[in-house]
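I have placed the structure first, in the form of structure tokens, so that the comments after it can refer back to it.
The values are calculated or read from the model by the stated rules, or taken from the named source; none is laboratory data. Not measured: the values here are computed from a predicted model. Glycine also receives a Cβ, built like all others from the backbone with ideal geometry; neighbour counts cover every protein chain displayed. Surface accessibility is based on the protein's heavy atoms, side chains included, excluding ligands, DNA and RNA. Shrake-Rupley method; radii C 1.70, N 1.55, O 1.52, S 1.80 Å.
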Amino acid sequence: MSYLCITKENEQNDTNDEKMTIVLNTLEERLRQTFSEGGAQEIYREIKSEGNFLGFARRYVFDDDCKVARSALWGLTKASVDELSELQEILNDLTDLAMRTENPTVRRLTLNIIERLKMDEDDLRTDFLDFCLEHMVSIKEYPGIQAVCMKLAYRMCAFYPELMGELKRTIEGMDLAFYTPAVKGLRNKILEGKPIDKWTKRK
């Protein structure tokens, strides 16, 4: 291959890289500005058309800019369980994000995605269980986070009878005056032994 051909090929590659950078930067800017139901649906459709939910999540969900992470997560919540299954291999990373972020919206959306992923006994993390047990009853926490933490705590405790006993004792001690009807209803289902989601129906 001649030097001229190599040069032209390199120039073409450089041009493609530049175009990709522009596309990525444009999407990042849109994520930074998008915070609406319609915007989230639009982001989801773009991810679906690319067919790379995992790549999108790795690039944007963990962004230091909470606006970018928030919009990326909201778009991902529109995906089906099958589509979200691509994120199974970053379950630990999502768990870390949910526990460390100070942004309540990022936390809630991350927990909602975790709740839709598969969780086996080997996936049980005591630090995450402790986190969920604490936040599901914290009256300072948002109701949406309380509820999803309770669901996740239930799923983790279901692997061990002694843990399930601890969970039930914890929610029995809740002062119901401080919780929303949705959280109280979820609590009652757990105490009555009723299935609370698609995962617990399989048990």
Diffing the stretch 70-87: the Karplus 3J(HN,Hα) column from phi (6.51, -1.76, 1.60, θ = phi - 60°), in whole Hz with x for Gly and Pro, holds 4, 5, 5, 5, 5, x, 5, 5, 7, 6, 6, 4, 5, 5, 5, 4, 4, 7
Summed over the other residues with a beta carbon less than 11 angstrom from that of LYS189, with K and R at +1 and D and E at -1, the charge totals +2
Quick calc, SER85 & LYS184: beta-carbon distance into FRET formula, R0 45 Å, rounding 0.05, result 0.90
So the carbon and sulfur contribution to the accessible area of the stretch 106-190, 1.4 Å probe, in percent, is 50 percent
HN-Hα couplings for the stretch 103-117 via Karplus (6.51, -1.76, 1.60; θ = phi - 60°), in whole Hz with x for Gly/Pro, come out as 8, x, 5, 4, 4, 4, 5, 5, 4, 4, 6, 4, 5, 9, 9
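What is the percent carbon and sulfur in the accessible area of the stretch 24-71, measuring with a 1.4 Å probe over the protein chains and ignoring ligands?
44 percent
Please calculate how many Å² of accessible area the stretch 110-159 carries per residue, with a 1.4 Å probe and no DNA, RNA or ligand atoms counted. Each step should come with its number before you reach the end.
Details: 2030 Å² over 50 residues.
Each residue of the stretch 110-159 exposes 41 Å² on average to a 1.4 Å probe.
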